[in-house]
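J.: The structure's right below; bear with me while I get my questions together.
The values are calculated or read from the model by the stated rules, or taken from the named source; none is laboratory data. No experiment lies behind these values; they were computed from the predicted model shown. Note that we place each Cβ from the backbone using ideal geometry, even for glycine, and neighbour counts take in every protein chain shown. Ligands, DNA and RNA are stripped out before the accessible areas are found, and what is left, the full protein with its side chains, is counted by its heavy atoms. Shrake-Rupley method; radii C 1.70, N 1.55, O 1.52, S 1.80 Å.
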2 protein chains.
Amino acid sequence: MSENRRIEVITSKENENVKRLRKLHEKKHREELKAFLVEGVKVVSEAIEYNLEKINLLVFSQEAVKKYNEFFNRCVNLFNSGKIPRIVQVPERVFEHISTTTTPQGVLAECSFFDRQLDSLDGYKRVVVVDAVQDPGNLGTIIRCADAFGFDCIVTVDGTADVYNPKVVRSAMGSMFHLDIIREVKKEELLDAFKKKGFYLYVTTPYADLDISEFCVDDRFAVVIGNESKGADKLFLENATRKVKIPMIGKAESLNAAIAAAIVLYELRKK
Amino acid sequence: MSENRRIEVITSKENENVKRLRKLHEKKHREELKAFLVEGVKVVSEAIEYNLEKINLLVFSQEAVKKYNEFFNRCVNLFNSGKIPRIVQVPERVFEHISTTTTPQGVLAECSFFDRQLDSLDGYKRVVVVDAVQDPGNLGTIIRCADAFGFDCIVTVDGTADVYNPKVVRSAMGSMFHLDIIREVKKEELLDAFKKKGFYLYVTTPYADLDISEFCVDDRFAVVIGNESKGADKLFLENATRKVKIPMIGKAESLNAAIAAAIVLYELRKK
């Protein structure tokens, strides 16, 4: 039997690793280090299952080692077989310092960026474009719905919330590891790529003539989810193959942005 | 020309009216006074348009009188013609004390309860039953979707968030004034009423055989939206005419509760 590798113990907030993890709360440092944080048993489990090679480091609080002991042992096995490079244990107060939530479970991972370049569009048939969605919770919900309804890829346009923002990661509930992500592209380049690769482009707007429930999805398409208050950008509207709307029957003037996006993705789901 | 009625000015937090409004933050006092608070220009406007006879009092902060002057003048006209009983002006610090939000717009109304009794079920064809939904934002979103998709009535079952909770009122965005509400009924009594009045009962559960997209809505029905984590109560499942599920294609195990509810109401919309 091979000797077990060592699980590190860190007790100081001044430790360089702790400082690095704390830095990853901010986009500027995430871009510099090309890494982000994943927190909570459920989402870290999804990262292990679908994105193992991108995990750089796992952190457990001392309480979490006891509380989630089965999960901890599974991680230690992966560590011993060399599939996870490092595991660190920290006291609660250090975990709270690193944590991105106010009620931490005591389990967190540092992962490397895993987004792709625009040229990988070749491989997809069903793409969600997110343009200028500001709220991280809304972006996370859109990623979760895109997964649930069989989309291949999420593309975020410049000016959208960061997919690696801890709130996005949390509200996506692991779905971000189930599909491919291309992020922060320029609208013009994206439209060019869609044209070259033969994608239909669907854009939702309350001013459309066509109900989203009344049309058949074509072979290869992208659907644009626009900003919470302003909707889809003019450039997308001008280049739309079809403009569609959600049928509204009652007196409500609009739906919450995440709800509207979910209904659009549901109607365009893989059947 | 008749002499204008007087708009009151209140400057002290110790004023009885201010104390009463502040009390309405709590369910216990709302039940006692049979009144609730509506806040923000948009939602107060909807209350004026659809529920005018239930408005007891309007409050404007001094800043809001200037900022929303056109709206204020419209309210003063309604006051002068006797359609709104009272208008009160308060300084910002008093408004902040009454306000149910952290960033108040300076416009608020006290309204009387307007929910109905179970026997008014006779008049409806499309009913949403909300059972044990805990999050006020989720309940508000469900009310907004029920409105948008042409439902007649929302019934909340005992143990559900209070429809008159300020967070519910806010997230419903005025939709609560567009449909009828029956609240905090007992499951057994509700099921009895549905049977007597010939309602079909649809219940969503991930364990159903039937996709919600694949069935036709009958004449007169109620659909049950269950608790965020536990789903619909056993009693509803046992009494369901049909159990249905949302088709999930990808690797996501579930959807956010509000999103799932929205998709169900969308599929069962009035066509």
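J.: In deg cm²/dmol, rounded to 500, what helix-only [θ] at 222 nm does chain B give when every DSSP H run of at least 4 residues adds -39500 (n - 2.57) and the total is split over its residues?
T.: Rounded to the nearest 500, it is -10000 deg cm²/dmol.
J.: Could you tell me the relative contact order of the range B:118-267? Use alpha-carbon pairs under 8 Å, at least six residues apart, and round to a whole percent.
T.: With pairs under 8 Å counted, the relative contact order is 28 percent.
J.: Would you mind listing the distances between the A:Tyr200 label point and the same position in each other copy? Use 7 Å along Cα-to-C-beta, nm, one decimal, shortest first.
T.: Taking the point 7 Å beyond Cα along Cα→Cβ, the inter-copy spacings are 3.0 nm.
J.: Kindly give the distances from A:Thr11 to its copy-mates, label point to label point, with each label point 7 Å from Cα along Cα→Cβ, as nm values to one decimal ordered shortest first.
T.: Label-point distances to the other copies, shortest first: 6.1 nm.
J.: Still on this structure, I have one more. List the extent of the Cα atoms of the protein assembly as shown along each of their three principal axes, largest first, rounded to whole Å.
T.: Cα extents, longest axis first: 93, 54, 52 Å.
J.: I want the local charge near A:Ser12. Using Cβ-Cβ distances under 11 Å, sum +1 for each Lys or Arg and -1 for each Asp or Glu among the other residues.
T.: Overall, the nearby charge balance is +1.
J.: Using only the alpha-carbon atoms, how far is helix A:69-80 inclined from the longest principal axis of chain A? Give it as 0 to 90 degrees, nearest 10.
T.: Between helix and principal axis, roughly 80 degrees.
J.: Which value, in Å to one decimal place, does the Kirkwood hydrodynamic radius take for chain B when every pair of different Cα atoms is included?
T.: 19.9
J.: Also: Could you give the distance between the Cα centres of the range A:25-74 and the range B:31-68, to the whole Å?
T.: 47
J.: With a ≥ b ≥ c the root eigenvalues of the C-alpha gyration tensor of the range A:1-81, is it rounded (a/c under 1.5), prolate (a/b larger than b/c) or oblate?
T.: Note, shape of the range A:1-81 comes out prolate.
J.: Still on this model: What are the label-to-label distances in nm, one decimal and shortest first, from B:Leu235 to the same spot in the other copies, with labels 7 Å along Cα to Cβ?
T.: 5.6
J.: Hey, what did chain B get for relative contact order, percent, Cα under 8 Å, at least 6 apart?
T.: 19
J.: Answer rounded, prolate or oblate for the range A:118-267, using the Cα gyration tensor with square roots of eigenvalues a ≥ b ≥ c: rounded when a/c is under 1.5, else prolate when a/b is larger than b/c, else oblate.
T.: The shape class here is rounded.
J.: Shape call for the range B:63-137 from the C-alpha gyration tensor, a ≥ b ≥ c root eigenvalues: rounded (a/c under 1.5), prolate (a/b greater than b/c) or oblate?
T.: Since a/c reaches 1.5 but b/c is at least a/b, the shape of the range B:63-137 is classed as oblate.
J.: Additional query: I'd like the Karplus ³J(HN,Hα) series for the range A:9-15: coefficients 6.51, -1.76, 1.60, θ = phi - 60°, whole numbers in Hz, and an x wherever there's a Gly or Pro.
T.: 10, 10, 10, 10, 5, 7, 4
J.: So what's the Cα pair-distance distribution over the range A:151-213, bin width 10 Å, in %?
T.: Percent of pairs per bin, in order: 17, 40, 36, 7.
J.: Nearest 10 degrees is fine. How inclined is helix B:41-51 to the longest principal axis of chain B, computing both from alpha carbons?
T.: For B:41-51 against chain B, the angle is about 80 degrees.
J.: Take the Cα coordinates of the range B:42-105, assign each an equal point scatterer, and use the Debye formula without solvent to give log10 I(q)/I(0) at q = 0.18, 0.28, 0.29 Å⁻¹.
T.: -0.66, -1.38, -1.41
J.: Something else now. How do A:Leu52, A:Leu24 stack up against each other in accessible area, from largest to smallest, with a 1.4 angstrom probe?
T.: Result of the area sort, largest leading: A:Leu52, A:Leu24.
J.: Further question: Report, in degrees rounded to the nearest 10, the 0 to 90 angle that the Cα long axis of helix B:187-196 makes with the longest principal axis of chain B.
T.: Approximately 70 degrees, to the nearest 10.
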